[in-house]
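K.L.:
Here it is: the structure, laid out below.
The values are calculated or read from the model by the stated rules, or taken from the named source; none is laboratory data. Keep in mind that this is a model prediction, so the values were computed, not measured. Cβ atoms come from the backbone with ideal geometry, glycine included; neighbour counts cover every protein chain shown. With ligands, DNA and RNA removed, areas are computed over all heavy atoms of the protein, side chains included. Shrake-Rupley method; radii C 1.70, N 1.55, O 1.52, S 1.80 Å.
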Amino acid sequence: MLGTAALMRLDASADPDRAAAGDLGEARQVIDWLEILKGKTEGRLSEEESMLLDQLLYDVRMRYPAAEREA
């Protein structure tokens, strides 16, 4: 759910027709929450869950600078 929220805000920021004020700020906030979640659950997730969270964080971290440049 948090990953979807971050991706939606990043995609909206890249599209001027859909962009809303604060989308990048909100995306950064969701990314921060995901990082906190990763830290708080370290060692308590299954390997599959951990890999999913790592991949999600990687994806949103890579998309953020591109969305920031396009905004």
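K.L.:
Kindly indicate whether Arg44 is at pLDDT 85 or above and assigned to a loop (DSSP other than H, G, I, E, B).
P.N.:
yes
K.L.:
I need every pair where a residue in segment 42-71 that is without any contact (Cβ under 8 Å) to a residue 60 or more places away in the chain and over 12 Å from Leu10 (Cβ atoms) has its Cβ under 8 Å from the Cβ of a residue that is basic (Lys, Arg) and open to solvent by less than 80 Å² (accessible area, probe 1.4 Å), sequence separation at least 6 or different chains.
P.N.:
Filtered contacts from segment 42-71: Leu53/Lys38; Asp54/Lys38; Leu57/Lys38.
K.L.:
Moving on to the next point. Only residues that are surrounded by 12 or more Cβ atoms within 10 Å (Cβ to Cβ) and among the small types (Gly, Ala, Ser): list them for segment 28-59, please.
P.N.:
Scanning segment 28-59 gives a single hit, Ser50.
K.L.:
Name the residue, out of Ala12, Ala20, Ala67, that is over 16 Å from the mean Cα position of the chain (by Cα) and either at pLDDT below 90 or part of a helix (DSSP H, G or I) (or both).
P.N.:
Of the residues listed, the single one that is over 16 Å from the mean Cα position of the chain (by Cα) and either at pLDDT below 90 or part of a helix (DSSP H, G or I) (or both) is Ala20.
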